[in-house]
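Working notes, beginning with the structure itself.
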Amino acid sequence: MNTATDLIPIGLLAAIWLAAGFLAETLPGVRTARELRRRARALSMLVGGGVAVLIAVPMATGALPGESAAAGAALLPAVPAAFVLLVTARRVTQIRRGAGAFATAPLTPAPPALRAAAAHPLVATPLQVTGLAALAGVPIAAGVVEAPGADMVGVVLTAVGVGVLALGIRHAIRHSRLNVAVLAPIGRAGLRALPTMRTSTPAETYAAPPEEHDAAILAVPADRAA
């Protein structure tokens, strides 16, 4: 077993997925739509690169003679990476396209709805879990830690479950806070009736025709006319 041959691809795999998790962490904090689109595009490229390396590791190690621990280490991030492809990648694409509609001007603020969508737990949590799983494969590829046996599977699954739950709760809290910011303008505005427009028109007066006017003068009593 060549330790350097195993360590280099697993280290690259961990670096890519950790960078993707960190970039997903920064998405809700952007200020402009152009920056949000740029980071979402970079995140999509990192996900594609991470998947490519994940597929290439067992293929490359299988072609080399001798035993290799890289294939076993690459199995750790395989499951969360598959979840990223099925769920997270679609959400990142929607965020990138939505930000592109507002990115015509350089200083256009990022819409609060897109920032809330970027803070959804299904965006950053799978990426960060994949990065941590890939990082856990580094000591296995280096030969420092052996792959866990059947007696350690329960402990490992429990630790992974706690980590996923903690990350999910953290991102869910931030997502809820940004959702409140989206609905706040509606709550402040309320439902109020629009003011009616009043136009001031001069009062119409009735002008009697000349014949009616003369008839009214003749009808006045003589004593009052005097």
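The values are calculated or read from the model by the stated rules, or taken from the named source; none is laboratory data. None of these values were measured; they are calculated from a predicted model. So basically every Cβ, Gly included, is an ideal-geometry build from the backbone, and we count neighbours across all protein chains shown.
Checked against the criterion of being under 30 Å from Pro9 (Cβ atoms) and touching a Phe, Trp or Tyr at 6+ places or on another chain (Cβ under 6 Å), the candidates Ala134, Ala71 yield just one match: Ala134.
The residues of region 49-72 that are under 25 Å from Arg37 (Cβ atoms) and exposed (fewer than 14 other Cβ atoms within 10 Å of the Cβ) amount to a single one, Ala52. Checked against the criterion of being assigned to a helix (DSSP H, G or I), under 23 Å from Ile173 (Cβ atoms) and under 17 Å from the mean Cα position of the chain (by Cα), the candidates Leu132, Leu23 yield just one match: Leu23.
Within the option set Ala172, Ala117, Ala136, Ala110, being closer than 28 Å to Ala89 by Cβ, in contact with an Asp or Glu (Cβ under 9 Å, 6 or more places away or on another chain) and modelled with pLDDT of 80 or more holds for one residue only, Ala110.
Within the set Arg91, Arg96, the sole residue that is basic (Lys, Arg), closer than 15 Å to Gly21 by Cα, modelled with pLDDT of 90 or more and out of contact with any strand residue (DSSP E or B) (no Cβ under 9 Å at 6 or more places or on another chain) turns out to be Arg91.
Being free of Cβ contacts under 8 Å to residues at least 60 places away in the same chain and under 28 Å from Gly161 (Cα atoms), is that true of even one residue in region 97-115? No, region 97-115 contains no residue that is free of Cβ contacts under 8 Å to residues at least 60 places away in the same chain and under 28 Å from Gly161 (Cα atoms).
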